[in-house]
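All of the numbers you see were taken from the coordinates with simple rules; none came from a lab. Computed from a prediction, not measured in an experiment: that's the story for all the values here. Virtual Cβ from ideal backbone geometry, glycine too; neighbours counted across all protein chains shown.
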Amino acid sequence: MRAAATLLLTAAALFSADVHPTVARFCVGCHNAKVRTASVVLDGSAPGFDRGLWEEVLTKLKGAQMPPVGAPKPTDAERASLIKWVETELDKRSSQVDRDPGRVTVRRLNRTEYDNTVRDLLGVVTRPADDFPADDSGYGFDNIGDVLTVPPVLMEHYVRAAERISAAVIPLGAARKAALEKYVADVEEQSRRVDEDDPAGYPYPPGAFEAKHLFPVDAEYELVVRIKDRRNGTRNEVPVLLFLDGEQIATFSVQDGEYTKGHFSTRKFVRAGEHTLYGAFPKDYVNREEWDEARFGKAQFKVERRIFVDGLDVEGPYKYDSRQSPQWKRVFVCEERTDACAARIVTTLARRAYRREPTVQEIGQLTGLVKLAQRHGDSFEAGVQLALKAMLVSPQFLFRIERDPVNAAHPISPVELASRLSYFLWASMPDDTLLEIAIRGDLRDPAVLDSQVKRMLRDPKARALTTSFAGQWLQLRNVEKAQPDPALFPSFTPHLRESMIRETEEYFNYVAREDRNVLEFLDSNYSFLNARLAKHYGIDGVKGRELRKVDLATRDRGGVLTHASVLTVSSYPTRTSPVLRGLWVLENFLGAPPPPPPAGVQRLDEAKIGLDQPLRTQLEQHRTNPSCAVCHQRMDAIGLGLENFDPAGAWRTKDGKWAIDSSGELPGGKRFSGPAELKKVLLDDREAFVRTFTEKLLTFALGRGVERFDRPAVSAIVAESARQDYRFSSIVSGIVNSPPFRMRRAEGVTQ
């Protein structure tokens with residue numbers, strides 16, 4: 001009690017000396033005991049330190065939403081001093097009063113985690129969760145415990161998936177039949193492509209075709225290239241090449257004539273997993289054919305594509321022996337068909353499936369299933385299959401369960417910490433190395449934990465951070481749904497859409513893998529482009545279809561904020577929206593989303609946008625409503641700074657007949673002109689971005705929203721990251737070592 005009283009007295013003294021003059025000058029006129037604007041009182045008449053009130057004040061200050069438009073404003077230094085005071089006092093109270101690490105609801109594996117866990121547990125590379133209902137999202141992510149419900153239909157899917165998976169890993173019937181899957185090229189689109197480095201339309205070199213195939217098991221497969229030959233006149237012998245994951249594996253000779261199809265195949269052993277097949281002609285091969293003067297009006301030679309890779313087929317598996325497969329050997333760690341062997345098999349499996357040491361009772365139940373099958377006349381293998389099926393529908397597998405050994409806030413166990421870590425960085429179960437360290441208890445050692453974090457970030461499985469975290473933080477998943485009007489944006493093809501997504505994924509993966517400064521998410525002098533995307537951006541000198549790191553001549557494109565993926569998902573199909581783009585930045589980069597618009601606010605008239613006056617002018621008129629201006633002043637300014645990018649992210653200088661004006665002024669008087677200067681202004685408040693990025697990543701890591709009692713942890717992570725030049729790994733390490741990640745509040749305990 002004495003410490004709390006001293007804290008309040010100290011806070012009052014600091015408030016009086018440091019920030020009271022600012023509050024008295026700019027705030028108290030409206031927020032006093034008499035006027036009570038918005039029920040907020042800041043004149044000192046309210047007793048104590050109302051944390052909820054000051055959190056609201058902090059949000060308004062950071063968003064420059066107060067003082068309102070037209071009222072006198074503090075200088076940047078005065079605003080910064082007040083923000084610093086509020087943050088410091090909030091952190092003090094959180095750290096000295098709450099000491100609450102939070103509590104994560106017991107949650108099931110989401111679809112991505114389920115597929116990855118089955119892959120790492122059993123080596124099954126198919127995606128069984130594709131058939132599951134879509135996962136709900138909370139706080140922007142689909143791994144939040146509070147929204148991952150288990151409807152009855154999902155349990156039915158779990159049972160069916162367990163049956164299919166166990167039958168695939170331990171097949172008991174006839175040998176697996178070979179299946180045929182065909183991938184067909186768009187020949188009409190191919191025929192319009194004669195220049196390998198022409199980025200428009202078809203994504204591959206002339207006549208070529210690529211397909212991705214998920215090979216279910218390690219086995220031999222028949223790989224087929226199908227050719228369509230429409231050449232007129234002389235038909236010379238032409239080689240066609242077949243590649244697997246970029247390695248040339250076969251060369252065939254095409255000799256067939258006009259309008260006939262050639263089928264060429266080779267048998268190849270392929271490891272289970274997704275692989276890329278690519279059929280192509282030599283780069284210098286094109287057709288030079290004479291047009292008929294009677295048919296086309298004049299005789300001429302035209303270079304055109306008249307022979308194509310019509311498609312690619314995969315048939316198999318062949319020569320597949322399930323008992324020699326890695327999946328079988330992963331399960332059958334012994335082959336004696338004895339009770340002791342059954343116990344060893346189910347113990348090994350359960351240890352990995354449950355992400356901990358199984359109990360004696362659990363082992364007894366699982367070995368009992370093996371015996372039950374044998375008593376009914378089934379084989380030992382059938383019994384193990386039944387036990388495996390039981391594991392795959394067990395709550396111990398489907399849910400991430402953390403226990404409360406004491407009725408208080410407590411460190412989670414080492415094996416629980418291992419699961420938190422692996423599902424954070426890999427979206428999958430701990431591997432044997434991490435699990436063994438956890439079971440020994442060594443993961444409590446900070447040095448051991450740090451070494452494991454570094455090891456896991458280097459592992460290819462860490463790309464899950466790109467697909468799961470970045471895909472949701474940056475809303476890349478929404479690019480798949482974006483549909484810019486094809487009449488207005490005919491260059492927006494499925495291939496361009498794919499390049500947009502891959503640019504941002506490769507960019508994020510590069511920052512994470514190379515441990516770059518996370519401020520590069522906001523601005524940099526490089527990106528990842530191929531010929532198609534470079535053409536879309538108006539950048540010369542980039543050839544080929546593969547993305548590669550490209551140095552940029554200007555800062556207009558650096559950072560994910562100006563990637564076509566982000567610009568497209570924050571636009572309407574027919575026009576840009578400074579409001580949507582500004583809101584996107586406030587929510588995802590600055591952590592200062594505005595409140596929902598008040599009821600009855602008139603929307604922009606879509607029919608008039610851009611006709612009688614520029615969109616900027618219409619937004620300015622919209623902001624004449626004082627209830628709109630307080631939020632839109634900052635939001636619109638940011639969005640207007642990105643107006644040089646059209647709804648598909650291409651650069652432009654005019655919007656219809658109106659010249660683009662991408663200048664703006666943020667609350668506080670900071671001016672800019674164009675996206676490069678906008679990003680520079682945003683970087684002036686780099687801590688806002690780093691704090692927001694940290695909160696987003698912490699939310700993803702914990703599977704719950706960041707609460708006010710997490711403030712000290714977030715502040716500590718940001719401060720330590722600043723000392724390490726904001727390296728990506730410093731934020732990951734800070735999260736992993738933070739109380740919210742390593743501890744847990746017991747159920748029913750309040751702080």
Residue-by-residue Karplus 3J(HN,Hα) for segment 141-147, coefficients 6.51, -1.76, 1.60, Hz, glycine and proline x: 9, 9, 10, 8, x, 5, 10
Relative contact order %, segment 626-714, counting alpha carbon pairs below 8 Å whose residues are six or more apart: 20
Cut-off under 5 Å, modelled amide H: who pairs with Ile307 long-range: Arg230
C-alpha center-to-center spacing [segment 628-679, segment 474-534] in angstrom: 20
Within straight-line cross-link reach of Lys549, lysines at Cα separation under 25 Å, skipping those fewer than 8 residues along the same chain: Lys212, Lys283, Lys454, Lys461, Lys535, Lys679, Lys680
R0 of 30 Å, Cβ-Cβ distance Glu247-Leu172: FRET efficiency to nearest 0.05: 0.25
Distance between modelled label sites at Asn236 and Ser265, nm, 7 Å Cα→Cβ extension: 3.1
Lysines with Cα under 16 Å of Lys657, excluding same-chain neighbours fewer than 8 positions away: Lys608
Under 5 Å, built H, 5+ apart or other chain: amide partners of Ala250: Leu242
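Pick out, in residue order, every one of the GluC sites (Glu not before Pro) in segment 658-751 that is DSSP loop and has at most 15 other C-beta atoms within 10 Å; say none if there are none.
Numbers: sites: Glu665, Glu677, Glu687, Glu695, Glu707, Glu720, Glu747; in loops: Glu707, Glu747.
Passing sites in segment 658-751 are Glu707, Glu747.
How many percent of the alpha carbon pairs in segment 321-393 exceed a separation of 20 Å?
22
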Selection from Leu421, Ser394, Ala409, by position along the positive dipole direction of segment 393-437 (Cβ): Ala409
